[in-house]
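First the structure, in the form of structure tokens, and then the observations on it.
The values are calculated or read from the model by the stated rules, or taken from the named source; none is laboratory data. Everything numeric here is computed off the predicted structure, so don't read it as measured data. Ideal geometry is used to build each Cβ from the backbone, glycine not excepted, and the neighbour counts take in all protein chains shown.
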């Protein structure tokens with residue numbers, strides 16, 4: 001910021017997914033000066049989702065991007081300001097907090113951490129080297145490339161099964177590979193996937209390595225019950241195949257792991273009011289330790305965090 | 001900004017001299033849409049040094065695969081028609097693209 005009088009926001013929200021946008025909407029509506037920082041894309045994980053069928057009210061035009069666009073519009077209508085910035089660190093000491101970014105130092109009386117989570121890797125040989133070369137974590141980005149080809153999808157939750165059905169719009173055949181003996185996904189989704197003519201399912205099985213020179217040409221699978229390993233290679237006429245990975249998420253806590261308390265899985269621990277141990281620092285969305293990570297819980301967290309931040313900022317003025 | 005397709009890719013990229021930077025994007029790819037304004041802004045910064053182009057992989061899937069692009073967004077740098085390097089996925093951001101150009105400028 002080049003202002004001679006340095007701007008101190010009432011609240012800076014880190015992350016512009018559903019949690020951050022909901023926090024922004026509530027904070028701005030409460031007349032707090034509100035800045036939402038986003039690193040690369042608005043919307044977080046949901047922006048890459050084709051269909052959001054379980055967020056109450058999102059029935060028509062229920063794609064991730066359209067839902068995000070409406071959330072952004074709503075937050076901005078109340079006066080929340082969005083900025084693209086890459087955060088490199090924080091100073092949470094004292095009543096004025098500092099956020100260090102590639103756009104300079106930003107100051108606020110309160111902070112809401114809503115950085116979300118990123119896809120977890122399979123963590124097998126070949127995966128990183130072939131990422132973007134047939135290994136993907138984003139179906140809406142990359143499914144098209146596998147039109148009329150074979151695709152293996154790893155994972156057993158809602159995301160894995162829903163994305164597998166999306167990929168099956170393009171691919172010739174989709175095989176869902178899951179480590180356990182049953183799926184974690186909602187029953188209705190499992191049923192739909194099981195009845196899908198292009199989808200096959202392989203249980204009790206995991207990836208051992210991903211094979212390919214320059215692009216994915218095969219995978220090695222391990223059956224956890226028999227211990228048997230086998231290589232599955234792409235049809236020679238295809239020459240390549242797709243591997244989509246939806247095996248859960250890892251919280252984006254790299255910048256705050258030494259500042260706030262984390263649970264055993266690395267998520268930030270808060271009380272039910274989204275508070276951390278640091279006065280003025282709140283948390284919302286997938287980055288928080290909780291039992292259900294959905295758009296609906298992210299937006300609820302955001303609303304609570306914003307209201308609590310407002311109360312905290314008000315108390316500073318008393 | 002060059003708009004690339006299978007008809008002009010060879011002449012404008014593979015047979016071009018100097019540096020050509022190609023943004024492979026797709027119609028359903030949200031991260032690609034987020035990157036596009038940054039990519040367009042970089043074009044003026046490198047005017048006269050690097051030619052910028054974009055390729056819609058939803059329309060030109062086979063061409064993209066022939067360039068070993070199977071994940072989006074991917075930005076590939078060519079020098080005298082030879083592929084020098086790329087930024088893909090998380091690395092496909094302004095800082096990553098600048099670094100890629102700096103290595104070959």
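Worth pointing out:
- Qualifying residue in the stretch A:102-124 (condition: closer than 30 Å to residue B:67 by Cβ and outside any loop (DSSP other than H, G, I, E, B)): yes
- Residue A:21, sole failed condition from (1) part of a helix (DSSP H, G or I); (2) within 11 Å of chain B (Cβ to nearest Cβ): (2)
- Residue within the stretch B:56-63 that is in contact with a strand residue (DSSP E or B) (Cβ under 8 Å, 6 or more places away or on another chain), part of a helix (DSSP H, G or I) and crowded, with 18+ Cβ neighbours inside 10 Å present: yes
- Residue that is surrounded by 12 or more Cβ atoms within 10 Å (Cβ to Cβ) and farther than 23 Å from residue A:95 by Cα, where the choices are A:280, A:242: A:242
- Scanning the stretch A:36-44 turns up one or more residues that are in contact (Cβ under 8 Å) with a residue 60 or more places away in the chain, crowded, with 16+ Cβ neighbours inside 10 Å and part of a strand (DSSP E or B).
- Scope the stretch B:13-24; condition surrounded by fewer than 18 Cβ atoms within 10 Å (Cβ to Cβ) and either touching a helix residue (DSSP H, G or I) at 6+ places or on another chain (Cβ under 7 Å) or not in a loop (DSSP other than H, G, I, E, B) (or both); matching residues: B:14
- The one condition from (1) assigned to a loop (DSSP other than H, G, I, E, B); (2) surrounded by 21 or more Cβ atoms within 10 Å (Cβ to Cβ); (3) outside the structural domain of residue A:205 (by TED's automatic domain parsing) that residue A:298 does not meet is (1).
- Some residue of the stretch A:72-92 being within 21 Å of residue A:296 (Cβ to Cβ) and within 14 Å of chain B (Cβ to nearest Cβ): yes
- Among the residues of the stretch A:207-231, the ones that are touching a residue at least 24 places away in the same chain (Cβ under 8 Å) and within 22 Å of residue A:149 (Cβ to Cβ) come to 12 in all.
- Tally, over the stretch B:25-55, of residues that are at the interface with chain A (Cβ under 10 Å from one of its Cβ atoms) and surrounded by 20 or more Cβ atoms within 10 Å (Cβ to Cβ): 9
- Whichever residue in the stretch B:67-97 is out of contact with any strand residue (DSSP E or B) (no Cβ under 7 Å at 6 or more places or on another chain) and within 11 Å of chain A (Cβ to nearest Cβ) and, among such residues, is nearest to residue A:121 (Cα to Cα): B:90
- Whichever residue in the stretch A:101-148 is facing another protein chain (nearest Cβ under 8 Å) and at positive phi and, among such residues, is nearest to the chain's Cα centre (by Cα): A:132
- Candidate set: the stretch A:58-101, residues that are assigned to a loop (DSSP other than H, G, I, E, B) and under 24 Å from residue A:140 (Cβ atoms); chosen: the one modelled with the highest pLDDT: A:86
- Unmet requirement for residue A:232, which otherwise passes all of (1) within 14 Å of chain B (Cβ to nearest Cβ); (2) part of a strand (DSSP E or B); (3) surrounded by fewer than 21 Cβ atoms within 10 Å (Cβ to Cβ): (1)
- Matching residues in the stretch A:130-175 - criterion: being assigned to a loop (DSSP other than H, G, I, E, B) and either in the same structural domain as residue A:51 (by TED's automatic domain parsing) or more than 18 Å from residue A:196 (Cβ to Cβ) (or both): A:130, A:132, A:133, A:134, A:137, A:138
- Some residue of the stretch A:307-314 being surrounded by fewer than 19 Cβ atoms within 10 Å (Cβ to Cβ), touching a helix residue (DSSP H, G or I) at 6+ places or on another chain (Cβ under 9 Å), assigned to a loop (DSSP other than H, G, I, E, B) and on the phi < 0 side of the Ramachandran plot: no
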